[in-house]
């Protein structure tokens with residue numbers, strides 16, 4: 001289930017039952033439960049939902065359903081449309097500051113400002129040949145925002161190249177590492193299930209190198225940190241936000257959408273890393289889950 005449908009489902013549970021209980025999770029795919037918990041806990045932190053622990057289970061009760069709908073974009077969902085890919089500023093902001101962002105954008109009507117989630121969706125939806133993604137912290141809860149777009153791209157015969165890090169050369173075997181593995185696995189599976197043309201591919205590589213000091217006292221790490229989504233050498237998002245729920249829900253992010261010659265530059269910049277990165281075999285990912 002993609003993120004927009006999950007948001008709608010959460011609101012529908014509140015409207016129908018008045019509360020959200022542990023039993024509600026049985027109605028959605030297991031892989032979506034972590035994202036729903038993340039969102040519910042975020043709304044608790046903003047005092048829009050009250051959480052009560054009963055035994056070893058948590059019950060969530062909405063305190064302001066109208067405000068919850070507003071923050072989640074529930075009431076404006078039918079108005080959403082694909083953004084025209086013109087050069088623009090790209091931003092994301094914590095849900096609690098949504099109204100403030102709207103006021104700020106209204107103040108600068110002479111500048112085109114678009115939201116990160118909408119730009120990523122529009123970019124992927126516009127691709128006809130190739131999508132390039134650099135995402136060091138890619139996670140499953142971010143991929144769910146672009147499920148439909150990735151599926152449609154696979155069906156159109158669009159190839160995808162993704163660079164991440166800390167997969168083949170990792171610092172620690174911790175939750176973030178496992179989360180990233182799950183995200184990569186989800187992308188592989190989603191693409192392969194939907195592609196029609198056997199000649200198109202999804203390829204994911206790891207860029208990272210350990211560099212030890214001669215003194216042996218510490219280790220430096222060479223890797224990617226740029227966040228990029230580039231389509232057909234024509235359009236490119238470059239910024240701080242990436243494909244993870246935090247970039248869409250809780251973080252302030254800033255970047256830009258570049259077109260034409262600048263997009264060509266960013267495409268070539270991506271290739272500098274791609275040619276030195278190492279392939280992440282699907283079999284390796286499957287063995288770690």
field: Global geometry of the stretch 3-71, whether rounded, prolate or oblate, following the gyration tensor of its Cα atoms and the 1.5 cut on a/c
entry: rounded
query: Ordered by packing density, taken as the mean number of other Cβ atoms within 10 Å over each peptide's residues, highest first, how do 21-28, 152-159 rank?
result: 152-159, 21-28
Centroid-to-centroid separation of the stretch 230-251 and the stretch 268-285 [C-alpha atoms, Å]: 19
task: Figure the gain on full extension for residue 279 and residue 97 (residue separation times 0.36 nm, minus the Cα-Cα span) and round it to one decimal in nm.
output: 61.5 nm
Efficiency of FRET between residue 65 and residue 254 - r from beta-carbon atoms, R0 25 angstrom, step 0.05: 0.20
query: Using a ≥ b ≥ c from the Cα gyration tensor of the stretch 239-289 (square roots of the eigenvalues), is it rounded, prolate or oblate, where a/c under 1.5 gives rounded and otherwise the larger of a/b and b/c decides, a/b for prolate?
result: oblate
query: Taking every DSSP beta bridge that has both residues in the chain, what percent is antiparallel when rounded to the nearest 5?
result: 70
message: Per DSSP helix of 4 or more residues, -39500 (n - 2.57); summed, then divided by the residues of the chain. What does that give at 222 nm, rounded to the nearest 500?
response: -12000 deg cm²/dmol
- prompt: Peptides 105-115, 56-66: what's the order by average Cβ count within 10 Å, highest mean first?
  reply: 56-66, 105-115
query: With the contact rule set at Cα under 8 Å and sequence spacing of 6 or more, what percent relative contact order holds for the stretch 1-135?
result: 19
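The numbers here are math on the coordinates, done by the rules we state, and not lab data. The shown structure was predicted, so the numbers you read here are calculated from the model rather than taken from an experiment. Cβ: placed from backbone, ideal geometry, glycine included. Neighbour counts: every protein chain shown.
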